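The block underneath contains the structure these notes are about, expressed in structure tokens.
The values are calculated or read from the model by the stated rules, or taken from the named source; none is laboratory data. Predicted, not measured: the structure shown is a model, and the values here were computed from it. Ideal geometry is used to build each Cβ from the backbone, glycine not excepted, and the neighbour counts take in all protein chains shown.
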Amino acid sequence: MSDTEDAVKEFLQNAGKVYTEYDRGYIDADAAMSRLEKDIDDLRERVEE
């Protein structure tokens, strides 16, 4: 797998965890969005390298 594919796979796994935690009521919408924004920024950095 390429670095980009690895980065996308990791992002999707992390995003899935955020959605699951939100659906189960473990985190609120603001916290979920904050984590997703961080994960998006991390993905962007890894892809642009």
Of (1) modelled with pLDDT of 95 or more; (2) on the phi < 0 side of the Ramachandran plot, GLY25 fails just (2)
Within the chain, of all residues that are among the aliphatic types (A, V, I, L, M) and assigned to a loop (DSSP other than H, G, I, E, B), the one surrounded by the most Cβ atoms within 10 Å (Cβ to Cβ) is ILE27
Pairs returned, first residue in segment 18-36 that is free of Cβ contacts under 8 Å to residues at least 40 places away in the same chain, second residue that is of a type outside the set (Asp, Glu) and part of a loop (DSSP other than H, G, I, E, B), beta-carbon separation under 9 angstrom, 6 or more apart or interchain, are VAL18/ILE27; THR20/TYR26; GLU21/ILE27; ARG35/ILE27
